[in-house]
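A short write-up of the structure that comes next.
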Amino acid sequence: MMQPGEANRFSTLSKAIAAQRTRLRSLAKVLRPKDSATDQRDRVGYLMVLPYILHIAVFLGYPLAFAFVLIFHRWNIYTPMKWVGLGNIKLLLTDPLIWRALVNTLYFLLIHIPLQLVVALGLAQLLNQKIRARAFFRASYFMPVVVSGVVVTILWQQLYSSETGLINLLLQRFGLPKIGWLTDRHYAMPAIAIMATWKNVGLYVVLFLVGLQGIPNDLYEAAELDGASAWQKFRLITVPMLNPTIMLVLVLSTIGGFSLFIEPYVMTGGGPANSTLSGILYLYKQAFFFSKMGYATTIGFFWAMIIFAVVILQRRFVETEAV
Amino acid sequence: VNAQVLQRIGIVLPLSLLVCCTSPRQAEIARPGSHIALTYWSATNAQELEFANSVSAEWNAQHPEVQIKVEPVPSGQSSEEVILAAIASGTTPDIYANVFPGAMQDLLDARGVIQLDDYPDFFDVMRERMTQELLNQYRSSDGHFYQVPWKSNPIMVLYNTRMLREAGVSSLPTTYSEFLSAAARVTRDRNGDGHTDQWMLTIDYLPIWYKRLFDFLPLYLAASNGQNLLEGRQVMFDNESSVAIFRFLHECFARGYAPRQTFQGDFFLDETVAAKFVGPDSMGHLERYRPADFEYDYGPIPRPDAAIGQPASYADPKSIVIFKTCQHPREAWEFIKFIISRQNDLQLMELSSQLPIRAGLLEDQTFADYFKRNPKLVKFAAQVTSARSIDSIAELKEIFDVIAQEVEASVVFDLKPPEQSVHDAARRSQQILDVE
């Protein structure tokens with residue numbers, strides 16, 4: 001316990017330190033020039049970022065705030081808004097189609113993401129080898145990424161066509177029955193997931209290639225000296241070293257998957273029997289077919305929250321696995 | 001020095017952006033000359049654009065004081081969306097000549113169009129063209145007229161008559177039984193590989209609301225003798241006519257007469273399918289691209305076997321409106337009267353194969369030569385006065401979306417019995433209408 005004399009000495013010392021700090025601050029103020037180059041640079045910096053801040057405020061901040069206000073209104077763009085309180089949220093919670101769209105999207109992701117990861121990683125591994133015409137193959141796999149989504153969708157719609165599509169013609173050639181790729185509710189979403197994988201895989205191949213080329217060769221050489229098999233090298237070196245890339249691919253694929261729109265819009269219109277109705281397609285219909293901007297905005301916020309939650313869960317799960 | 005230069009750039013750049021974004025509107029408004037300029041939005045297809053340009057050029061030559069500028073309606077998902085967006089942003093033209101009457105309630109709710117029956121000669125002009133009963137289909141819920149009913153494309157069934165004849169079908173079907181019987185003969189495997197490669201009918205069954213305007217709606221009007229889907233805000237289609245249509249279409253898909261796929265390209269001209277629902281404007285395309293030996297004809301919308309009374313079809317009409325942003329509505333009205341004059345109606349038919357909403361088309365000598373040269377359009381012309389317009393309510397798209405969902409579920413994929421689907425569509429539609 002502190003004695004009374006010690007307490008007094010401590011108090012005196014504290015006061016002395018505080019007084020010294022005050023003197024030093026005053027001295028710093030006196031010594032610093034009033035219009036220093038640093039201040040000027042600060043001002044210039046603020047002015048330089050002003051256009052971007054304005055851009056963010058006008059094209060992101062304002063629409064976001066306006067959209068939030070819309071959640072509580074009914075509005076068809078051309079007549080005045082009407083306050084509906086929590087009406088749109090209640091409608092969302094009781095709307096079977098939004099839950100159907102969520103289930104459809106999760107089903108799509110369940111097929112699309114593993115397929116995307118496996119195919120992209122496999123292709124990246126192959127394209128990382130010293131093979132002939134490597135640049136040609138790399139460009140070929142990337143080609144669908146730069147082709148318009150609508151063009152790709154129409155192309156695949158023809159391939160999937162029940163009666164005249166190339167895939168069914170091939171099946172028949174081998175004596176197999178025709179499949180209603182886009183007309184059977186059990187096949188429609190897997191068919192779209194395969195198409196989406198084909199369209200996007202090139203981008204993820206590039207990401208994986210970058211990741212693979214960043215793995216030091218010493219690790220593989222050391223493992224070889226220890227007698228590791230190819231599978232062991234892949235499992236124990238490649239996969240852990242690619243963990244940040246896998247995480248990136250996972251997050252990008254998830255966000256892309258939740259944004260599923262062009263494929264069902266062009267190929268199926270959300271059918272058959274709503275089996276390919278995605279959240280964004282449903283939002284689009286509410287906003288631009290039925291002019292229900294308030295409800296569409298509510299769906300948009302709900303969808304953003306779902307994406308956020310799924311990505312957080314993915315990060316937690318994958319990062320834990322990596323440790 | 002660098003800091004000063006940067007500071008200047010930092011000031012000038014945002015100010016420049018600000019100035020660009022807020023450039024004064026006066027510069028756009030100020031126009032040289034004292035004549036009145038009116039903007040006229042036309043449909044974007046080449047034929048209608050040609051008609052609009054031709055009519056405007058003629059008018060401009062006769063009226064130097066009122067000059068018309070033609071612009072195609074800006075591209076968008078649909079012209080209705082573009083128009084509503086234009087109303088919201090205050091960028092509407094003076095006149096628009098391709099309004100879907102089903103969207104009129106939206107235009108009225110937006111207070112976007114002017115009342116036309118205020119003009120003292122409105123009813124005289126209309127009576128010269130059509131009966132009061134026909135005109136009343138275009139009357140708005142407040143009892144006034146905001147649109148000029150202009151042209152009609154009555155929906156009929158287009159048949160490849162050679163495919164029918166080769167299948168042993170000698171006359172065009174008029175009832176469901178006749179249609180299904182013909183379909184059984186026409187649908188077949190041409191190359192003998194065990195798979196059907198020729199069908200009777202193609203329907204774009206994707207569950208998109210407007211697609212049902214061209215199959216379910218004409219079938220309903222034909223089956224119910226022109227009864228509307230709604231009366232006021234009351235759903236009227238939960239009845240035997242709707243069930244019969246669902247059953248008929250279901251038979252077409254279930255028996256394989258209509259393929260469960262949508263075709264890219266023209267599978268009618270390829271002779272892969274023998275029938276589809278179309279309007280008279282299809283004739284221009286057919287005449288332009290058909291092979292020399294291709295034979296076709298138009299037949300009535302099939303009806304239930306027991307149907308009696310006068311059949312009707314969907315008119316697929318389009319109207320003309322004047323927007324409230326128009327500074328010279330009286331001159332715009334004069335120009336509209338010019339567009340719908342007898343001579344310009346004839347020009348519309350010549351250029352676009354579309355029919356003016358005008359009673360007595362077949363008796364009027366102005367058009368006699370045209371119909372003599374285009375006998376296939378006589379069947380359409382005969383329906384101009386009996387074909388029906390569409391209910392104009394703000395919830396129309398939602399109601400047709402519900403119908404499209406149920407048609408897909410019951411007719412195409414056999415997930416529900418027709419009775420259940422019709423009942424569910426009617427119940428859901430009534431719920432939509434009942435929401436305040």
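Scanning region B:155-179 for residues that are hydrophobic (A, V, I, L, M, F, W, C) and either touching a Leu at 6+ places or on another chain (Cβ under 6 Å) or closer than 28 Å to residue A:169 by Cα (or both) yields B:163, B:164, B:167. Scoring residue B:255 on the criteria (1) open to solvent by less than 20 Å² (accessible area, probe 1.4 Å); (2) over 17 Å from residue B:308 (Cβ atoms); (3) of a type outside the set (Val, Ile, Thr) leaves a single failure, condition (1).
Within region A:40-83, if we keep just the residues that are open to solvent by less than 60 Å² (accessible area, probe 1.4 Å) and at the interface with another protein chain (Cβ under 10 Å from one of its Cβ atoms), the residue that is farthest from residue A:293 (Cα to Cα) turns out to be A:40. Of everything in region A:178-194 that is of a type outside the set (A, V, I, L, M) and within 11 Å of residue A:165 (Cβ to Cβ), the residue that is surrounded by the most Cβ atoms within 10 Å (Cβ to Cβ) is A:181. Taking every residue in region A:105-129 that is touching a residue at least 12 places away in the same chain (Cβ under 8 Å) and over 24 Å from residue A:275 (Cβ atoms) and pairing it with any residue that is of a type in the set (D, E, K, R) and assigned to a helix (DSSP H, G or I), at least 6 positions away or on another chain, the pairs with Cβ-Cβ distances below 7 Å are A:127/A:134; A:127/A:138.
Matching residues to (1) acidic (Asp, Glu); (2) farther than 25 Å from residue B:212 by Cβ; (3) surrounded by 23 or more Cβ atoms within 10 Å (Cβ to Cβ); (4) out of contact with any helix residue (DSSP H, G or I) (no Cβ under 8 Å at 6 or more places or on another chain):
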| position | (1), (2), (3), (4) |
| --- | --- |
| B:365 | no, yes, no, yes |
| B:372 | no, yes, no, yes |
| B:391 | yes, no, no, no |
| B:399 | no, no, yes, no |
| B:406 | yes, no, yes, no |
| B:413 | no, no, no, yes |
| B:418 | no, no, no, no |
| B:424 | yes, no, no, no |
| B:433 | no, no, no, no |
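When each of B:294, B:323 is tested for being among the aromatic types (Phe, Trp, Tyr), closer than 25 Å to residue B:58 by Cα and in contact with a strand residue (DSSP E or B) (Cβ under 9 Å, 6 or more places away or on another chain), the lone residue that passes is B:323. The residues in region A:235-264 that are within 14 Å of chain B (Cβ to nearest Cβ) and either in contact with a Gly (Cβ under 8 Å, 6 or more places away or on another chain) or touching a residue at least 40 places away in the same chain (Cβ under 8 Å) (or both) can be counted, and the count is 3. Remark: residue B:71 matches the filter, which requires a residue to be within 27 Å of residue B:392 (Cβ to Cβ) and surrounded by fewer than 19 Cβ atoms within 10 Å (Cβ to Cβ).
Annotation: residue A:290 fulfils all but one of (1) open to solvent by less than 20 Å² (accessible area, probe 1.4 Å); (2) within 14 Å of chain B (Cβ to nearest Cβ); (3) not hydroxyl-bearing (Ser, Thr, Tyr); the unmet one is (1). So the check is Cβ under 6 Å with 6+ separation or different chains; which pairs have a first residue in region B:240-265 that's more than 20 Å from residue B:185 (Cα to Cα) and within 11 Å of chain A (Cβ to nearest Cβ) and a second one that's modelled with pLDDT of 95 or more and open to solvent by 30 Å² or more (accessible area, probe 1.4 Å)? Partner pairs satisfying both residue conditions: none exist.
The values are calculated or read from the model by the stated rules, or taken from the named source; none is laboratory data. Being a predicted model, the structure only gives us computed values, none of them experimental. Here the Cβ is made from the backbone with ideal geometry for all residues, glycine too, and neighbour counts use every protein chain on show. Ligands, DNA and RNA are stripped out before the accessible areas are found, and what is left, the full protein with its side chains, is counted by its heavy atoms. Shrake-Rupley method; radii C 1.70, N 1.55, O 1.52, S 1.80 Å.
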